[in-house]
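Visitor: Handing you a structure now.
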Amino acid sequence: MDYFLTEEQQMIKELAARIADEKIKPVAAELDEKEEFPWELMEVLAESDLFAVWVPEEYGGLGGGVFEQALVVEELSRACSGVAVSYAASGLGSFPILMFGSEAQKQQYMPDIANGKRLAAFALTEAGAGSDVSGITTTATLDGDEYVLNGTKQWITNGGEADIYTVIAVTDKTKGARGASAFIVEKGTPGLSFGKKEKKLGIRASSTTEVIFENCRIPKENRLGREGMGFIIAMKTFDKTRPGIGAQAVGIAQGALDEAVQYARQRVQFDQPISSFQGIQFMLADMATQVEAARALVYSVARLVDSGARDVSKAAAMAKLFASDVCMKVTVDAVQILGGYGYMREYPVEKMMRDAKITQIYEGTNQIQRSIIALELIKEAARKSK
Amino acid sequence: MHIVVCIKQVPDPSQARIDRETGMVIREGVDKITNPFDLYALEEALRLKEAQGGKVTALSMGPPAAAEVLRDAIAMGVDHGVLLSARGFAGADTLATSYTLAQAIRRLADVHLIICGKQAADGDTAQVGPGLAANLDIPHITQVRKIAQITKESLQVERLTDTGYEAIEVNLPAVITVVKEINEPRLPGLRGMMRAKKAEIQVWGPEEIDADETRIGLKGSPTQVWRTFEPEIHRKGEMLTGTPSEQAAALWERLRAL
């Protein structure tokens with residue numbers, strides 16, 4: 001398939017693919033086994049300017065957007081989605097600053113994120129607030145020129161490793177969903193600490209921790225946007241990043257498909273390669289078709305988001321939903337094609353199957369995505385019938 | 001400090017084929033890449049530049065398409081690329097190549113250090129580095145695995161040998177050829193790749209480097225390849241079978257008979 005990439009986008013894709021094949025693939029199994037944060041690889045990505053692709057030029061970036069980031073995430077995910085999500089989470093943490101930050105905030109934080117010197121992270125989820133984000137209890141109380149943060153965030157990607165955290169906290173309990181605000185908190189701020197590193201099913205190279213605020217005081221200037229905009233900022237951020245989860249899913253699925261095709265050509269049973277059996281051929285054909293359809297949707301949505309279109313929530317949710325469901329199915333089938341070998345850790349597909357599952361869960365479960373899509377459909381229909 | 005790195009565009013060794021009739025490497029239809037050994041030379045030059053300041057020039061000889069490897073070098077961080085490309089340069093053996101590159105380095109002027117890969121993956125001669133030094137009448141050290149110290153006047157290196165290494169100090173300017181143990185070459189960055197796309201590659205012909213027409217290209221190349229072949233292996237292995245003690249006994253008999 002030809003997606004008519006510009007010369008620059010082609011360059012980005014090829015460089016990311018080269019890093020995936022030469023630097024990430026050889027260490028992916030080891031990173032998974034040791035559950036080690038891939039700092040060396042983050043440095044490779046930084047030196048290759050890949051953290052700059054979604055940042056405007058005036059803030060030290062290369063002037064791309066969601067699509068360029070998706071191209072990188074897809075290629076990295078082919079090799080190891082634990083590495084890819086650590087990279088992508090810096091985007092998740094930085095989009096709130098890019099979209100809602102003041103000029104001063106952007107100038108202060110974005111150049112370091114763009115050159116990969118500092119990683120970013122996004123802290124929204126809490127123990128009692130997952131799909132229902134209005135359940136957050138972390139508070140930010142204005143005290144003179146400072147906000148005082150208290151509470152615990154859970155399952156924060158890049159927790160402990162990132163330097164810059166965008167945090168959603170309640171500033172006015174009486175206002176419900178309109179009572180939350182967004183803040184920038186830097187690592188090293190007194191009162192900010194990190195809980196235990198979670199033991200996960202997949203994406204085990206990435207760091208997932210609690211982020212704990214105990215009378216953590218930050219300057220008033222660290223608030224993003226106005227008070228009460230917290231949830232809007234979170235939702236607008238997800239509109240930008242859900243295509244990225246879709247890209248991650250496409251990358252994992254492509255990696256699994258590649259392994260399955262290669263294996264099917266080599267594995268001989270009943271005196272012939274198993275690729276000669278129609279049962280295997282039909283599975284491979286379905287897998288390839290689904291991956292391509294997911295890629296086409298993710299790319300289209302990423303381009304739509306970058307075009308500056310309004311109301312992209314439905315499209316962004318579709319890209320995330322469809323690609324992650326495809327990813328789960330394709331990786332399960334890849335394990336099936338590799339049979340007993342696929343189940344063993346010597347082969348990469350069992351890791352891909354474990355890694356796939358999270359794409360159906362994080363940045364909004366696929367049930368939440370369906371709710372978003374359905375509500376938008378109903379709203380659109382209601383508008384038309386007026 | 002001005003460092004010149006000599007690089008060569010070669011057919012990708014993983015796709016290499018040889019024409020049995022002519023004994024030449026088949027270059028058509030094969031992807032062309034920077035000679036893998038030259039990447040270590042480029043990386044070492046860039047590390048020296050980062051530590052000491054200065055500039056790095058990449059120099060290559062080849063058809064116009066060889067400008068591609070110079071762009072790749074610029075993407076890695078090299079400052080300038082110079083391509084020696086003209087009809088008159090074609091068909092050069094290592095003698096003519098060494099002379100031609102030396103003439104270009106004379107024109108570049110104020111060069112402190114010249115770094116080459118230990119050999120090219122196509123010809124595998126390892127002659128051009130030393131030949132270059134001979135033409136320029138400066139010292140050379142081959143098989144360098146580490147640069148221990150460098151000043152504007154001198155260089156201390158470790159040179160890989162069959163049994164270990166030699167520590168050598170040499171006055172600059174000098175030529176060194178490097179082995180793959182010396183570093184791990186970097187990947188290019190996007191900014192570098194974008195700069196490389198727009199970079200101007202200087203192209204020089206025989207006139208620009210004041211070359212003697214009889215010493216370049218086919219005219220200046222006394223080497224003729226008569227035949228290329230895989231050497232036949234006359235030694236034959238033999239597997240001894242049986243229990244370990246039977247094998248040991250059989251081996252003892254064999255050795256006693258010698």
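The values are calculated or read from the model by the stated rules, or taken from the named source; none is laboratory data. If you're wondering where the values come from, they're calculated on a predicted model, not measured in any experiment. Every residue, glycine as well, gets a Cβ built from its backbone with ideal geometry; the counts of neighbours run over all protein chains shown.
Rundown of residues vs (1) in the same structural domain as A:Gly246 (by TED's automatic domain parsing); (2) in contact with a strand residue (DSSP E or B) (Cβ under 9 Å, 6 or more places away or on another chain); (3) not hydrophobic (A, V, I, L, M, F, W, C), yes/no style:
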{"residue": "A:Ile19", "(1), (2), (3)": "no, no, no"}
{"residue": "A:Ala28", "(1), (2), (3)": "no, no, no"}
{"residue": "A:Pro38", "(1), (2), (3)": "no, no, yes"}
{"residue": "A:Met42", "(1), (2), (3)": "no, no, no"}
{"residue": "A:Val55", "(1), (2), (3)": "no, no, no"}
{"residue": "A:Gly101", "(1), (2), (3)": "no, yes, yes"}
{"residue": "A:Lys106", "(1), (2), (3)": "no, no, yes"}
{"residue": "A:Asp112", "(1), (2), (3)": "no, yes, yes"}
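Visitor: Being surrounded by fewer than 18 Cβ atoms within 10 Å (Cβ to Cβ) and part of a loop (DSSP other than H, G, I, E, B) narrows it down to one of B:Glu181, B:Glu232, so name that one. Steps first, please.
Guide: Working: B:Glu181 fails: part of a loop (DSSP other than H, G, I, E, B).
After ruling out the rest, the residue left standing is B:Glu232.
Visitor: If you don't mind, there's one more thing I want to ask. Looking for whichever is in a helix (DSSP H, G or I), surrounded by 24 or more Cβ atoms within 10 Å (Cβ to Cβ) and among the aromatic types (Phe, Trp, Tyr) here; the options are A:Phe122, A:Phe67. Which one fits? Steps first, please.
Guide: On the way: A:Phe122 fails: in a helix (DSSP H, G or I).
Among A:Phe122, A:Phe67, only A:Phe67 is in a helix (DSSP H, G or I), surrounded by 24 or more Cβ atoms within 10 Å (Cβ to Cβ) and among the aromatic types (Phe, Trp, Tyr).
Visitor: Continuing with the same structure: Which ones in the stretch A:56-72 are more than 9 Å from chain B (Cβ to nearest Cβ) and touching a Leu at 6+ places or on another chain (Cβ under 7 Å)?
Guide: Step one: filter the stretch A:56-72 for residues more than 9 Å from chain B (Cβ to nearest Cβ), giving A:56-61, A:63-72.
If the condition is that a residue be more than 9 Å from chain B (Cβ to nearest Cβ) and touching a Leu at 6+ places or on another chain (Cβ under 7 Å), then A:Val72 is the only one that fits.
Visitor: Quick check, is A:Gln10 among the polar types (S, T, N, Q) and free of Cβ contacts under 8 Å to residues at least 12 places away in the same chain?
Guide: Numbers: among the polar types (S, T, N, Q): yes; free of Cβ contacts under 8 Å to residues at least 12 places away in the same chain: yes.
Considered against the rule, which asks whether it is among the polar types (S, T, N, Q) and free of Cβ contacts under 8 Å to residues at least 12 places away in the same chain, A:Gln10 comes out as yes.
Visitor: Looking at the stretch B:75-87, which of the residues that are of a type outside the set (A, V, I, L, M, F, W, C) and out of contact with any helix residue (DSSP H, G or I) (no Cβ under 7 Å at 6 or more places or on another chain) is farthest from B:Val4 (Cα to Cα)? Give the steps one after another, and end with the answer.
Guide: Here is the first cut: in the stretch B:75-87, the residues of a type outside the set (A, V, I, L, M, F, W, C) are B:77, B:79-81, B:85, B:87.
Narrowing further to those that are out of contact with any helix residue (DSSP H, G or I) (no Cβ under 7 Å at 6 or more places or on another chain): B:79-80, B:87.
Details: B:Asp79: 10, B:His80: 10, B:Arg87: 24 Å.
In this case the residue turns out to be B:Arg87.
Visitor: Test A:Ala52 against the criterion of being over 19 Å from A:Asp258 (Cα atoms), within 14 Å of chain B (Cβ to nearest Cβ), more than 15 Å from the chain's Cα centre (by Cα) and in contact (Cβ under 8 Å) with a residue 60 or more places away in the chain, and give yes or no.
Guide: Yes, satisfied.
Visitor: Quick check: anything in the stretch A:161-174 out of contact with any helix residue (DSSP H, G or I) (no Cβ under 8 Å at 6 or more places or on another chain) and more than 30 Å from A:Tyr343 (Cα to Cα)? Talk me through it step by step, then tell me what you get.
Guide: Going residue by residue through the stretch A:161-174, those that are out of contact with any helix residue (DSSP H, G or I) (no Cβ under 8 Å at 6 or more places or on another chain) are A:167, A:174.
Okay, now just the ones that are also more than 30 Å from A:Tyr343 (Cα to Cα), so A:167, A:174.
Yes, the stretch A:161-174 contains a residue that is out of contact with any helix residue (DSSP H, G or I) (no Cβ under 8 Å at 6 or more places or on another chain) and more than 30 Å from A:Tyr343 (Cα to Cα).
Visitor: Is it the case, given these coordinates, that A:Ile252 is aliphatic (A, V, I, L, M) and surrounded by 24 or more Cβ atoms within 10 Å (Cβ to Cβ)? Talk me through it step by step, then tell me what you get.
Guide: Values: aliphatic (A, V, I, L, M): yes; surrounded by 24 or more Cβ atoms within 10 Å (Cβ to Cβ): yes.
Yes, satisfied.
Visitor: Also, I was wondering about something else. Consider the stretch A:1-39. How many of its residues are more than 30 Å from A:Leu201 (Cα to Cα) and either hydroxyl-bearing (Ser, Thr, Tyr) or more than 10 Å from chain B (Cβ to nearest Cβ) (or both)?
Guide: 8
Visitor: Continuing with this model, one more query. Working only within the stretch B:17-34, note down all residues that are of a type outside the set (D, E, K, R), surrounded by 15 or more Cβ atoms within 10 Å (Cβ to Cβ) and in a loop (DSSP other than H, G, I, E, B). Break it down into steps so the answer makes sense when it comes.
Guide: Just the residues of the stretch B:17-34 that are of a type outside the set (D, E, K, R), to begin with: B:18, B:22-26, B:29-30, B:33-34.
Imposing the further condition that a residue be surrounded by 15 or more Cβ atoms within 10 Å (Cβ to Cβ) reduces the set to B:25, B:30, B:33-34.
If the condition is that a residue be of a type outside the set (D, E, K, R), surrounded by 15 or more Cβ atoms within 10 Å (Cβ to Cβ) and in a loop (DSSP other than H, G, I, E, B), then B:Val30 is the only one that fits.
Visitor: Can you tell me which residue is nearest to B:Ile74 (Cα to Cα) among those in the stretch B:183-202 that are more than 11 Å from chain A (Cβ to nearest Cβ) and hydrophobic (A, V, I, L, M, F, W, C)?
Guide: The qualifying residue nearest to B:Ile74 (Cα to Cα) is B:Ala199.
Visitor: Which of the helices (runs of 4 or more DSSP H) contained wholly in the stretch B:57-151 include at least 3 residues that are under 16 Å from B:Thr34 (Cα atoms)? I'd like the intermediate steps shown before the answer.
Guide: On the way: elements: B:67-76, B:94-108, B:128-136.
Fully inside the stretch B:57-151 and qualifying: B:67-76.
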